[in-house]
Amino acid sequence: MPEYTILSVLSVVVVVVLELAWFRTGIFRTATYWTAYGIVVFFQVLVDGWLTKLNAPIVIYSRDESSGIRVPYDIPIEDYAFGFSMVTLAIILWVWAGRARANGRGSTGDAATTRTGTGPTLPR
């Protein structure tokens, strides 16, 4: 399997596992998250489609390093996976840090506790 494909799938798995097993923010159950993600995908299609269109590419991907699947506008399917991972992880961290601050633990560097259990420690 091509390297770019493997890494993109791995990024999705890692982010989903982090959310479900460690951060537990619950974002996957909210309409707000899915609406925000839909907006991101809309603009990703516009920009990524312009950058990767096969008839006049600005960014060129090696055929040996990706799956070769491109939808729509010649966008490599792996770009959607990486986009999901980056946006989702940013939202997870944003929600988690906001909850930690709301619990009075964000500014002291003490261990943060989420509403669903013990979460990771905020950096000092």
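Rounded to the nearest 20, the Cβ-based charge dipole of region 6-78 about its Cα centre (Lys and Arg +1, Asp and Glu -1) stands at 200 debye. Under a 5 Å amide H cut-off, with hydrogens placed 1.01 Å from N, D74 pairs with nothing among residues at least 5 apart or on other chains.
Spin-label model, T32 to L18: label points 7 Å out along the Cα-to-beta-carbon direction sit 2.0 nm apart. Annotation: for a label point projected 7 angstrom from Cα along Cα→Cβ of N55, residues of region 71-86 with backbone N closer than 19 Å are 71-76.
Computed from the Cβ-Cβ distance with R0 of 35 Å, the FRET efficiency linking E3 to V40 stands at 0.90. Separation of region 18-75 from region 79-100 is 14 Å, based on Cα centroids.
Values quoted throughout were computed directly from the atomic coordinates according to the rules given, and no laboratory measurement underlies them. Everything numeric in this text was worked out from a predicted model, so none of it was measured. So basically every Cβ, Gly included, is an ideal-geometry build from the backbone, and we count neighbours across all protein chains shown.
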